[in-house]
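Structure first, commentary second.
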Amino acid sequence: MFIPKHFEVTDMNEVRDFIRSNSFGTIITTDQGRPTATHLPLELNEIEGEYYITGHFAKANPQWKTLEEQKEVLIIYQGPHAYISSTWYEDENVSTWNYQSVHVYGTPSILDEDALKEDLKRLMHKYEGHKENGAVWENTSADTKKQINGIVGFKIKVEEVQAAYKLSQNRNEKDYKNVIDKLYEEKDPNAHKVADAMKKLR
């Protein structure tokens with residue numbers, strides 16, 4: 001990913017928090033030279049100081065088979081994004097787009113059944129554990145648990161992370177504040193989230 005220096009994020013703690021808050025990502029592999037992608041919940045896990053991303057494909061999705069022959073895969077996480085009008089600047093300039101995005105490169109492997117079960121338990125607890133009678137593994141019937149036979153789990157050992165927060169860091173204070181104010185005036189919830197990210201950043 002092309003990242004101008006003033007938009008680059010190198011703090012892994014910040015990247016980790018971003019991924020965990022925007023964990024519905026895109027996994028990209030190649031199949032006979034052609035790119036193929038699936039959109040999935042892709043969870044970041046830290047084990048003994050190393051990072052791994054885990055997820056699962058429907059077994060009917062042929063992309064999982066490409067993992068067995070890939071030396072490297074790409075995962076993309078996208079945060080909020082919004083159009084930035086040039087009319088929001090004090091001096092004439094060009095319009096642009098603000099966004100947050102993280103690219104992760106890593107080495108894939110297939111999970112065995114026990115590891116897949118543990119990963120599903122973590123995933124279900126993340127989204128259901130806080131609910132009364134939530135749909136966690138322990139509350140799931142034996143018949144429903146059999147559906148694990150219809151999925152293929154995987155993990156990606158993180159080898160490289162590229163993170164970009166393009167949030168008007170190159171603008172002066174007056175323009176920066178005006179962009180935030182104008183974003184809050186937009187009806188798009190994404191614009192409000194970008195404004196929130198900008199306020200947090202500066």
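The values are calculated or read from the model by the stated rules, or taken from the named source; none is laboratory data. Only a predicted model underlies this, so the values are computations on that prediction, with no experimental measurement involved. We place every Cβ from the backbone using ideal geometry, glycine too, and count neighbours over all the protein chains shown.
Some points to look at:
- Residues of the stretch 150-202 that turn out to be touching a residue at least 60 places away in the same chain (Cβ under 8 Å), within 25 Å of Ile53 (Cβ to Cβ) and of a type outside the set (A, V, I, L, M), as a count: 11
- Selection of the stretch 15-36 for residues being in a strand (DSSP E or B) and exposed (fewer than 14 other Cβ atoms within 10 Å of the Cβ) yields Phe24, Asp31, Arg34, Pro35.
- Filtered residues of the stretch 156-185 (kept if farther than 28 Å from Leu116 by Cβ, outside any helix (DSSP H, G or I) and of a type in the set (D, E, K, R)): Lys166, Arg171
- Among the numbered conditions (1) in contact with a His (Cβ under 9 Å, 6 or more places away or on another chain); (2) within 21 Å of Ile3 (Cα to Cα); (3) crowded, with 18+ Cβ neighbours inside 10 Å; (4) of a type in the set (D, E, K, R), the only one that Asp119 does not meet is (2).
- Tyr77 within 30 Å of Asp188 (Cβ to Cβ) and either touching a Phe, Trp or Tyr at 6+ places or on another chain (Cβ under 6 Å) or surrounded by 11 or more Cβ atoms within 10 Å (Cβ to Cβ) (or both): yes
- You will find that of Pro62, Pro108, the residue that is crowded, with 19+ Cβ neighbours inside 10 Å, at pLDDT 95 or above and over 28 Å from Lys200 (Cβ atoms) is Pro108 and no other.
- When the criteria are applied in full, Leu111 meets the requirement of being under 30 Å from Asn139 (Cβ atoms) and aliphatic (A, V, I, L, M).
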